[in-house]
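Notes to accompany the following structure.
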Amino acid sequence: MISVVIVGTGNVAQNLYQAFEKSNDVTIKQVIGRNREHLAFVKNNIAVSTTFNDIATADIYILAISDDAIKLVADNFKNTDGILAHTSGATSLEALKSAQRPGIFYPLQTFTKGKIISFYEIPICVEATNEDDLNLLKQLGETLSNTVVEIDSEQRKTLHVAAVFVNNFTNYMYTIGSEICEEHKINFKLLQPLIKETAAKLDTLTPLQAQTGPAKRGDQQTLHNHLQIIKDKHQRELYTLLSNSIKEKHGKKL
């Protein structure tokens with residue numbers, strides 16, 4: 001049985017809490033958060049704390065907190081014996097240099113407030129400074145996911161950049177599409193099968209192979225017509241920038 005303390009009350013912390021609670025191989029010793037009201041999700045008589053004055057003993061301490069807070073909060077754990085691991089994709093192991101046993105436990109997924117998701121297919125990226133700690137982090141990951149991989153800090157930060165493109169930027173495109181639909185009194189849900197099929201193609205094709213649309217075809221008249229429909233200056237600039245990038249990637253004349 002692996003014992004853990006979770007630090008944080010946000011989306012990642014709450015999802016980890018729910019996942020560990022369901023595991024027969026993990027026991028949650030404590031959840032720490034600054035605001036007691038935000039600790040209301042903790043049940044079953046699990047200890048909670050709003051300070052670092054009485055940190056429970058555990059095998060692994062998980063900092064599921066904002067990137068900017070990691071280094072400062074880590075200083076409170078310099079005298080603990082367990083592994084201190086953060087869940088950030090963009091922060092290096094160096095941020096935990098005050099810890100005796102620093103580590104990384106990074107679930108590669110988007111977490112949204114109020115939505116609890118299964119970890120089974122979520123890749124969990126781990127890193128540590130020695131083999132024993134790495135193996136323990138892998139064991140913890142394997143209690144939740146079928147994909148646990150060792151990735152160093154530079155690889156993880158690069159992976160996080162790629163994740164921003166495929167997730168955050170893509171979702172922003174959905175926002176623009178939704179705004180255009182709303183402006184013209186069209187139901188955005190009509191686009192959802194298209195969104196799902198676009199993602200499903202990647203099970204069998206590379207993103208480059210899956211690309212379709214007027215920019216890839218070099219259909220200048222359609223591109224021109226679309227720009228006449230788009231009224232927002234920022235949206236027009238994005239449309240032109242992305243269309244030119246797609247044309248360049250697929251060898252069409254700009």
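Bear in mind that the values in this text are calculations on the coordinates, not laboratory data. These numbers were taken from a predicted model, which means no experiment stands behind them. Quick reminder, even Gly has a Cβ in these numbers, built from the backbone with ideal geometry, and neighbours come from all protein chains shown.
What list of ³J(HN,Hα) couplings, whole Hz, do you get for the range 66-80 from phi and the Karplus terms 6.51, -1.76, 1.60, once you set θ to phi - 60° and write x for glycine and proline?
With the stated coefficients, the range 66-80 comes to 5, 4, 5, 8, 4, 4, 5, 5, 4, 4, 6, 10, 5, 9, 7 Hz.
Taking the Kirkwood radius as the inverse of the mean 1/r across Cα pairs, report the Rg/Rh of the range 156-249.
0.97
Using the alpha-carbon centroid of each, what span in Å lies between the range 209-230 and the range 22-40?
Value for the Cα centre distance between the two parts: 50 Å.
Starting from 0.36 nm per residue, how many nanometres of slack lie between GLU248 and ASP132 once their C-alpha separation is accounted for?
Taking GLU248 through ASP132 to full extension adds about 37.0 nm, to one decimal.
If you compute Cα Rg over 2.2 N^0.38 Å for the structure shown, which of (i) 1.03; (ii) 1.13; (iii) 1.23 do you land on?
Label of the calculated value: (iii).
In what sequence do LEU137, LEU238, LEU190, LEU39 fall when counting other Cβ within 10 Å, fewest first?
LEU190, LEU238, LEU39, LEU137
Between LEU208 and LYS196, what is the label-point separation in nm under the 7 Å Cα-to-beta-carbon projection?
3.0
Once you sort the root eigenvalues of the Cα gyration tensor of the range 1-142 as a ≥ b ≥ c, which label holds: rounded (a/c under 1.5), prolate (a/b larger than b/c) or oblate (the other case)?
Cα axes put the range 1-142 in the rounded bin.
Taking the Cβ-Cβ separation of ALA162 and GLU37 as r and a Förster radius of 41 Å, what is the calculated FRET efficiency to the nearest 0.05?
With R0 = 41 Å, the Cβ-Cβ based efficiency is 0.70.
Counting only helical runs of four or more DSSP H residues, what would the 222 nm mean residue ellipticity of the chain come to if each run contributes -39,500 (n - 2.57) and the total is spread over all its residues?
Calculated at 222 nm, the ellipticity per residue is -11000 deg cm²/dmol.
Considering only DSSP states other than H, G, I, E and B, which trypsin sites (Lys or Arg not before Pro) in the range 45-150 qualify as loop sites with at most 10 other Cβ atoms within 10 Å?
Passing sites in the range 45-150 are LYS113, LYS115.
Can you find, among ILE32, ILE2, THR204, the residue sitting farthest towards the positive end of the charge dipole of the chain, where Lys and Arg contribute +1 and Asp and Glu -1 at Cβ?
THR204
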